[in-house]
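FYI, it's all coordinate maths here, none of it is from the lab. It should be emphasised that the depicted structure is a prediction, and the values quoted were computed from it without experimental measurement. All Cβ positions, even for glycine, are placed from backbone atoms using ideal geometry, and neighbour counts span all protein chains on display.
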Amino acid sequence: MKRDLNQLADRRFDVLIVGGGIQGAALAWEASRRGLQTALVEKGDFGHATSANSLKILHGGLRYLQSLDLKRMRVSIGSRNRFMQLAPHLVAPLACAVPTYGCGLRGRHAMRLALAANDAIGWDRNRGIPESKRLPQGRILRKGDVDAWLGNGSQGSISGAALWYDGLALNTERLLLALLKEAHARGACLANYLEAGEIRISAKRACGVEAVDRISGGSITIRSAAVVNAAGPWIESVLPAPAARVPSPIGWTLALNLITPRRLTGPTALGLEGPGGESRRRSGKRFFFFVPWRGYTMIGTRYWRHEGRPGETAVTRREIEAFIDELNSVHPAARLKWEDISFYHAGLLPAAETGADSGEDPQPDKEFQVIDHGRCGQVEGLLTVKSVKYTTAPDVARQVLMHLSFQGRPAAGGGPDRRGRGNLEAAFPADEDPPDAQRHPERSAVAAHLAAHYGPEYRNVLACLGGRDAGEALVSQDPPVLAAEIFYAVRHEMAFRLADVVLRRTGMGTAACPPRPVLEAAAALMAGELGWDDDRRRHEISDLLKRYAVLADPAAAESRRREGALAS
């Protein structure tokens with residue numbers, strides 16, 4: 001996957017997508033599958049903002065049973081299935097449980113019926129998925145199982161637990177990248193660090209954008225029959241006011257998830273309900289999930305009202321401490337402390353409409369919205385996507401293309417393009433050893449490691465090994481990251497900043513701050529590829545460390561990491 005600005009400037013596209021988060025990536029994937037000439041531009045790195053914050057669960061929508069919203073359940077199940085087919089190496093079955101209480105709607109009998117309904121509605125949940133990744137049926141657990149998870153915090157009224165299965169995204173950043181790579185393999189032109197400026201309008205129709213290259217400082221014109229604004233928190237700033245605008249101002253909520261190296265629930269994700277904080281005067285109880293993820297536990301989600309600019313997602317110590325207090329009230333046996341938190345993920349989501357003085361915590365919108373600015377009497381050929389859910393991004397993409405087809409634009413396509421195969425089509429069964437491990441036993445461990453993270457394209461990473469002392473050197477041990485992975489990220493995955501590699505290509509810094517020597521080694525490898533001088537290397541490290549500054553210094557983060565490893 002190469003960044004080619006000349007190709008973006010020379011071609012005329014059917015659809016141009018502004019925004020490289022999960023919504024834009026899914027749309028590029030779906031559009032390219034339909035044979036459309038597709039372009040996507042992102043002002044920062046792919047998935048650097050809201051899409052970097054997720055509880056890592058690909059939900060099937062079990063909770064929608066409460067409102068009998070079977071349509072949303074089917075959409076969620078179908079979208080989850082598409083992710084698991086696209087990149088089975090990046091998704092694993094995840095057992096999820098909530099305690100049962102008494103004899104009412106939260107009782108064992110009622111929940112047993114709910115699980116049966118969930119299995120029936122998701123009858124095709126395993127279609128096209130490798131056997132090792134298939135999701136079992138739900139079941140009711142005994143009270144003793146829950147007591148083992150909750151310890152002394154188990155409430156006497158708990159009678160057991162309802163257990164079902166969803167998908168666990170082992171690396172949401174690479175899952176997003178998998179969509180982009182599939183789109184690129186089908187002819188889409190993609191570029192990060194290319195900021196869409198003014199939307200070009202001709203005869204009251206969007207016909208492209210003027211874009212600024214944030215790497216070189218140059219600018220290009222990109223021509224397109226339609227423009228889709230999928231810029232997340234920046235969607236209003238992208239629109240060419242007053243020619244186009246959203247029907248009403250969009251409020252935003254800051255979503256926060258915490259990460260700890262401590263194992264709090266065993267192998268099962270556990271959903272627990274608590275009374276809520278002092279600010280929740282009339283909004284009922286909070287519900288938190290404790291999710292086992294890559295040797296850590298991710299906990300979320302807590303929401304705060306956001307009043308700053310789109311890019312301002314800094315989290316304060318006060319907010320993290322308040323979150324910890326709430327979690328301890330929900331799960332007393334956890335006994336979480338400040339020093340237990342190794343990292344956090346935060347992002348901005350469109351907020352549901354509530355009174356500003358209601359005293360209620362802001363909640364994210366439940367429904368996505370596709371705004372057709374032509375139908376609003378503004379600019380034809382311009383759509384804005386406002387969405388919340390990571391899981392349902394493939395379905396939102398289909399809805400966007402449906403809107404474009406109603407306009408009679410080329411984006412109607414002719415159905416999925418099946419003439420070519422993308423680079424992530426299954427090249428070998430997910431539950432078999434990679435072929436190179438069989439032919440080269442001395443590299444079996446390396447090949448197996450790369451196959452787990454890159455799927456069939458792991459062979460391309462192997463090609464970056466070069467001399468054994470260079471490519472096979474471990475840059476990071478926890479998690480393990482080879483020098484070849486950094487070479488590959490720069491040469492073939494458009495990594496231009498140290499944060500791109502640490503947070504979004506390798507995942508070495510998504511659960512805790514890597515030790516300073518690891519950052520130095522990674523920066524040195526990137527410097528050799530990109531020609532950085534010593535000042536640039538120091539700047540890249542300093543800029544990345546700001547992301548972890550609210551918690552502690554790298555030495556303290558490493559200490560937490562080791563303590564968590566010993567405890568587990």
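Across segment 4-83, C-alpha contacts under 8 Å between residues 6 or more apart give a mean separation that, scaled by the residue count, equals a relative contact order of 24 percent. Ordering HIS373, HIS539 from the fewest to the most neighbouring beta carbons within 10 Å gives HIS539, HIS373. Each residue of segment 243-249 is assigned a 3J(HN,Hα), and the resulting list reads 5, 8, 7, 7, x, 8, x Hz, derived from the Karplus form 6.51 cos²θ - 1.76 cosθ + 1.60 (θ = phi - 60°), x at Gly and Pro. Once you've got the Cα coordinates, tell me which of LYS386/LYS546; LYS181/LYS366; LYS2/LYS133; LYS43/LYS546 are over 24 Å apart. Long pairs (Cα-Cα over 24 Å): LYS386/LYS546; LYS181/LYS366; LYS2/LYS133.
The order of ASP500, ASP478, going from fewest to most other C-beta atoms within 10 Å of their C-beta, is ASP478, ASP500. Peptide packing for 129-142, 384-397, 199-212, 28-41 was compared via the average number of neighbouring C-beta atoms within 10 Å per residue; ordered from the highest value, the list is 28-41, 384-397, 199-212, 129-142. Along segment 136-142 the Karplus relation, 6.51 cos²θ - 1.76 cosθ + 1.60 evaluated at θ = phi - 60°, assigns HN-Hα couplings of x, 6, x, 7, 9, 9, 7 Hz to successive residues, with x for each Gly and Pro. Amide H contacts under 5 Å for PHE343: ILE259, restricted to partners 5 or more places along the chain or on a different chain, H placed in the peptide plane at 1.01 Å from N. Among the listed values (i) 35, 30, 25; (ii) 73, 25, 22; (iii) 48, 28, 22, the one matching semi-axes √(5λ) of the Cα gyration tensor in Å as calculated from this structure is (i). Comparing Cα centroids, segment 184-231 and segment 368-399 end up 17 angstrom apart.
Per-residue 3J(HN,Hα) values for segment 106-116, derived from phi via the Karplus relation 6.51 cos²θ - 1.76 cosθ + 1.60 with θ = phi - 60°, read 9, x, 4, 5, 5, 5, 4, 5, 5, 5, 5 Hz in sequence order (x marks Gly and Pro). Considering only beta bridges that DSSP places wholly inside the chain, some 80 percent are antiparallel. The amide H of VAL481, built 1.01 Å from its N in the peptide plane, has VAL475, SER476 as neighbours under 5 Å, considering only residues 5 or more places off or on other chains. Residues CYS513, CYS96, arranged from fewest to most other Cβ atoms within 10 angstrom of their Cβ, appear as CYS96, CYS513. The chymotrypsin sites (Phe, Trp or Tyr not before Pro) found in segment 55-126 that occupy coil by DSSP, while having at most 14 further C-beta atoms within 10 Å, are TRP123. Amide hydrogen proximity for GLY197: with H placed 1.01 Å from N in the peptide plane, the residues at 5 or more positions away or on another chain lying under 5 Å are GLU210, ALA211, VAL212.
Suppose a student asked you for the relative contact order of segment 285-388, using Cα pairs under 8 Å spaced at least 6 residues apart; what percent would you report? With pairs under 8 Å counted, the relative contact order is 18 percent.
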